[in-house]
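Here's the structure, in structure tokens; my notes come after.
The values are calculated or read from the model by the stated rules, or taken from the named source; none is laboratory data. These figures come from a predicted structure and were not determined experimentally. Methodologically, a virtual Cβ is constructed for each residue, glycine included, from the backbone with ideal geometry; neighbour enumeration extends over all protein chains shown.
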Amino acid sequence: MNPRDVFGDDARIVYDAELDSLSTYGVRARAGALLTLSEVDDLEELTPGLLALEPTWRILGAGSNVLLGEGARNLLLVQLRGAWSTLDVDESGTARLGAGLALPVAARRLAGAGWTGFEWAVGIPGSAGGAVVMNAGGHGADLASVLRSVTLWRDGEIVTVPAADLGLSYRHSLLGARDLVVRLEITLEPGLKEQSEERLREIVRWRREYQPGGRNAGSVFTNPPGDHAARLLEAAGLKGRRVGGAEVSEKHANFILCAQGTRAEEVAALMVLMRTGVHEAFGVWLETEHRFIGLAEPW
């Protein structure tokens, strides 16, 4: 069964959709169909169709930390917009974030409202939903440190799962590829707006100084215990290495930069080269932070 058979000419779906602008790598890719959800209530209406298409649909999210391959032509991808990007905070410091909300937007709005504990998220170019899936973090904190619960669409039902049941660890959770995050609740502390906003500026300055801009999807590999992936990659002489339009950043060895027109296969081949290079030099197999949609993990 294919998406057109299930959904027909639904205005929320684009068939044979170009994906180049929907991932931060900007690689050339197309999806068999792209479903844009603008209202949370759309889920109830679309549930039978999504269940019928199992397992050939995936959640795209903000398109960061993901590599889209040619195999996406066989998939329905789901992106979240509009009402999925809500944010509200009650007087106790419980904040509710819609899954589609951009993390930097959330960090700035919460700091500006006088709440502290989420400043670290200002430098992460992902969505709140994606942050749960990978337990996003940086600058000495992660989502697990503030997360209370997550509301999910799972197997056609809306369920709320306490943070303790998500198996959160370093850049990992137990959520599956088709657990669609609806919203999350986090707990914050009252803070001083000026201090929080200065912390935001510090984080942004640090990222601009030490991490590259351009077409990239953030850190390629997680840090192995007791070390840093970037240090190992640089020490193995991998800065500047290139496969096609994909290049290891000269500024930060754990980032891949993509020229316009780069193919996913070139990025994947460079990831293999990086991983193999570190293993040959230090006997360590690095593990990736990236998700792969439309292509298999390349090792």
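A few notes on this one:
- Selected residue [in contact with a Phe, Trp or Tyr (Cβ under 9 Å, 6 or more places away or on another chain), in contact (Cβ under 8 Å) with a residue 24 or more places away in the chain and in the same structural domain as residue 185 (by TED's automatic domain parsing)] from 139, 172: 139
- Any pair with Cβ under 9 angstrom, 6 or more apart, that starts in region 42-61 at a residue that is on the phi > 0 side of the Ramachandran plot and ends at one that is of a type in the set (Lys, Arg) and surrounded by 16 or more Cβ atoms within 10 Å (Cβ to Cβ): 61/291
- Criterion (touching a residue at least 40 places away in the same chain (Cβ under 8 Å), under 17 Å from residue 292 (Cα atoms) and more than 18 Å from the chain's Cα centre (by Cα)) met by exactly one of 30, 96: 30
- Some residue of region 135-151 being assigned to a loop (DSSP other than H, G, I, E, B) and under 16 Å from the mean Cα position of the chain (by Cα): yes
- The single condition among (1) of a type outside the set (Gly, Ala, Ser); (2) exposed (fewer than 15 other Cβ atoms within 10 Å of the Cβ); (3) touching a Lys or Arg at 6+ places or on another chain (Cβ under 6 Å) that residue 157 does not meet is (3).
- Considering residues of region 71-121 that are assigned to a strand (DSSP E or B) and hydroxyl-bearing (Ser, Thr, Tyr) only, the residue surrounded by the fewest Cβ atoms within 10 Å (Cβ to Cβ): 94
- Top-ranked residue in region 160-181 [being β-branched (Val, Ile, Thr) and over 18 Å from the mean Cα position of the chain (by Cα); ranked as surrounded by the fewest Cβ atoms within 10 Å (Cβ to Cβ)]: 160
- Single match in 145, 127, 149 (criterion: closer than 16 Å to residue 290 by Cα and of a type outside the set (Asp, Glu)): 127
- Residue, surrounded by the fewest Cβ atoms within 10 Å (Cβ to Cβ), within region 240-297, restricted to residues that are among the β-branched types (Val, Ile, Thr) and more than 23 Å from residue 171 (Cα to Cα): 243
- Selection within region 190-221 - assigned to a loop (DSSP other than H, G, I, E, B) and buried (at least 18 other Cβ atoms within 10 Å of the Cβ): 191, 215, 216, 217, 218, 219, 220
- First in region 183-212 and under 15 Å from residue 252 (Cβ atoms), second anywhere and assigned to a helix (DSSP H, G or I) and of a type outside the set (Asp, Glu), Cβ under 7 Å, 6 or more apart: 207/123
Condition check ((1) in contact (Cβ under 8 Å) with a residue 24 or more places away in the chain; (2) at positive phi; (3) outside the structural domain of residue 137 (by TED's automatic domain parsing); (4) not polar (S, T, N, Q)) across all residues:
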site: 218; (1), (2), (3), (4): yes, yes, yes, yes
site: 226; (1), (2), (3), (4): no, yes, yes, yes
site: 236; (1), (2), (3), (4): yes, no, yes, yes
site: 248; (1), (2), (3), (4): yes, no, yes, yes
site: 264; (1), (2), (3), (4): yes, no, yes, yes
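- For region 261-279, the tally of residues that are farther than 19 Å from residue 224 by Cβ, among the small types (Gly, Ala, Ser) and not in a loop (DSSP other than H, G, I, E, B) stands at 3.
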